[in-house]
Structures are given as structure tokens and as C-alpha cells.
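Read-outs throughout are calculated quantities, based only on the coordinates presented, and are distinct from any laboratory measurement. Nothing here was measured: the structure is a model prediction, and the numbers come from that model. FYI the Cβ positions are ideal-geometry reconstructions off the backbone, even for glycines, and counts take in every protein chain you see.
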Amino acid sequence: MILDVFPLTAPTRASWSGSGDGPPDDGSGDGRNGGGNSTGLATRTRSKTKKPSLYKVLMLNDDYTPMEFVVMILQRFFKMDIDQATQVMLHVHQRGVGVCGVFTLEIAETKVTQVLDCARAHQHPLQCTIEAE
């Protein structure tokens, strides 16, 4: 929890209302009045920002999309080098599904859309989906 600290200066005797019964209540709730030229601190709590949920982008195996095309997709949209893309492609080919990357929801959805659009444009049935991590 983060605290912001703001200095507050108590009013001087010259700024009190003319009631003559002493300084105004300092708002502390303890029944005492504010006194002299003292300085107090007001604090305000600020909650921490919650980290966004992450999602895995999964690529599914099919028997029709060429392995070279899958490697190209992994390099182009997931910024993998040739060796890493080949490893992921072989994992997808052998196990049926593989993780291409982990992203926030909006980025994961965009990556899936990019992959599906590119696959359709090249007339391949490649499937890609997201799953909560």
C-alpha cells in the first residue's frame, strides 16, 4: 500500500473565528483543539494497480498445413528465431498442440486473429486459440 503525505499547517490565532473560546477543532475526534503553529500530516492511501491476467496462445496441429508455413508464422507473428520456431512446430506436430507465447488478453486475441487471417489468405486450415494461464 502506498501513502501520499500532504503537510497541513494549523491556522494561526489571527485566523480563528471571533468566538473567543480557543482554537477550532482539529478534526482528530479526540476532543482536543488544534494548537499554535503546529504542522500535521494528512495521509491518503492509494491501492496498487493489479497486474493484468495472462493468456497462452496455442497452435493446433492439422495434417494439411505445411511445416514450413507454421515456422514462418511463428517467426513472423511471435518473433521466434528459426531454431525456436522449428522446435515449437515439431512440438505441435508431435503432441497436437503447443504454446506460441503468453500475452495479455488483447494482445493474445490480436495474435490469434493475425495467424488465422494469414493462414486463410494462404488457404491453410491452421488453427490457433487462446487459453487462460
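In this rough spin-label picture, where each label sits 7 Å from Cα along the Cβ direction, the ALA132-TYR64 distance is 3.3 nm. With the simple model of a label 7 Å out from the Cα in the direction of the Cβ, LEU54 to HIS91 spans 1.3 nm. Model label sites at GLN75 and SER47, defined 7 Å from Cα along the beta-carbon direction, differ in position by 4.7 nm.
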